[in-house]
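Here the structure is laid out as structure tokens; the discussion comes afterwards.
The values are calculated or read from the model by the stated rules, or taken from the named source; none is laboratory data. A quick note: this is a predicted structure, and the numbers were derived from the prediction, not measured. Counting neighbours? That spans all protein chains shown, and the Cβs are built from the backbone with ideal geometry, glycine included.
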Amino acid sequence: MIETRDLRKSFRTGRRRSSTTVEAVTGLDLTVAAGEIFGFLGPNGAGKTTTLRMLATLLPPDGGDAVVAGADLRTAPGQVRRSIGYVAQGGGTWDDVTAREELVLQARMFGSSRAEARQRAAEALDAFDLADYADRHCRTYSGGQRRRVDIALGVVHRPTVLFLDEPTSGLDPQSRAHMWDEIRRLRADGMTVFLTTHYLDEADALCDRIAIIDGGRTVAEGTPAELKRQIAGEVVTLEVADHPAKAAEVLAGLECVRSAEVREAGDLRLAVDAGETAMPRIMRALADVGVELATIELHRPTLDDVFLTRTGRSLRES
Ligand SMILES: Nc1ncnc2c1ncn2[C@@H]1O[C@H](COP(=O)(O)OP(=O)(O)O)[C@@H](O)[C@H]1O
Ligand SMILES: [Mg+2]
């Protein structure tokens, strides 16, 4: 649904004599499949917004190519625009109009008749839980309500691809959870969603696949689970009631265990390939030799571990 090849953008900033060039996007290759929620995860300044604005035809690339919903970004930007919805980072609603007015206007601009626009606005208001305040000025909405109006505006013309720039930034936890459900529903309706986020948990929980971006280029791409698995594998720690050395010897012999060590406290640390299948085997092996298990825990690498491995920095800190 989206394919980019070597997409680039730089900005010149400052006065002519002291001007510097900011390389915002430095050769981006991405593939987004139809019907997936694709997440673009990276710290502030990584180039997420710049990429989204290029793909939404709002900013001409300096180089490279992209195809969005089957249309070439360079040669058919009008066709791209008709297939997409775009919700900017800061939103796009006015203070002194109502959600219904905004939605009707948006649908009209995408070619709906007056009656159809009213119908679609009403549907969008229902779908995004906005019907109760549809005729109030947007200025009076809470952050979560206003963000829902933004997203409703992005989909009222039924685009094939929806671009969401930081859809949950600044929302409280409940509104974020609500927004995730809305976005999953759009996927269930067949829409392809390309969103940016700097939240690790959002990329992990919401996105089917992600690209981690840093300094204008992708440093990793895959499903959250794949990316985490590429890192260190998974680690099982366990405590046994007695005979830790014997336990380690037995467990080291299992096919699913890469290494087993006894730590100072007498507990064991096992490197495993896939924790969820290794755990029952480990438990059975210990029972077979009569070693009593006290506790067992699975530690999986996080997306922050992935970011750290690829960039040398923690996303949390940056
Ligand atoms: N219009 C602009 N003029 C100059 N620099 C810009 C402009 N837009 C973005 N940048 C710079 O490009 C880099 C990437 O910005 P952006 O795409 O907004 O990152 P993100 O959305 O990941 O936070 C940053 O260093 C930013 O300061
Ligand atoms: Mg941004």
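Being of a type in the set (A, V, I, L, M, F, W, C), within 14 Å of ligand 2 (Cβ to nearest atom) and within 23 Å of the chain's Cα centre (by Cα) is the requirement here; does L59 meet it? So L59 passes the test. Scanning region 1-36 for residues that are of a type in the set (S, T, Y) and assigned to a strand (DSSP E or B) returns T4, S10, T13, T20, T21, T26, T31.
Counting only residues that are at pLDDT 90 or above and either assigned to a helix (DSSP H, G or I) or within 27 Å of Q230 (Cβ to Cβ) (or both), region 273-291 holds 12 of them.
Comparison of S142, S83 shows that the only residue that is away from ligand 2 (no atom under 16 Å from the Cβ), under 27 Å from the mean Cα position of the chain (by Cα), modelled with pLDDT of 95 or more and over 22 Å from G215 (Cα atoms) is S83.
The residues of region 56-71 that are over 23 Å from F11 (Cα atoms) and either surrounded by 22 or more Cβ atoms within 10 Å (Cβ to Cβ) or of a type outside the set (A, V, I, L, M) (or both), listed by number, are V68, G70.
Quick check on this structure: which one of R53, R114 is more than 16 Å from ligand 2 (Cβ to nearest atom), of a type in the set (D, E, K, R) and either surrounded by fewer than 17 Cβ atoms within 10 Å (Cβ to Cβ) or within 23 Å of M1 (Cα to Cα) (or both)? Outline the logic, then answer.
Details: R53 fails: more than 16 Å from ligand 2 (Cβ to nearest atom).
Within the list R53, R114, the selection yields R114.
Quick one: is G39 of a type outside the set (A, V, I, L, M, F, W, C), modelled with pLDDT of 95 or more, within 16 Å of ligand 2 (Cβ to nearest atom) and in a strand (DSSP E or B)? The answer is yes for G39. The residues of region 7-25 that are surrounded by 14 or more Cβ atoms within 10 Å (Cβ to Cβ) and either within 19 Å of R74 (Cβ to Cβ) or over 29 Å from the mean Cα position of the chain (by Cα) (or both), listed by number, are L7, R8, K9, S10, A24, V25. Identify, from the list V104, V68, V97, V87, the residue that is within 14 Å of ligand 1 (Cβ to nearest atom) and touching a helix residue (DSSP H, G or I) at 6+ places or on another chain (Cβ under 8 Å). Criteria check complete, one pass: V87.
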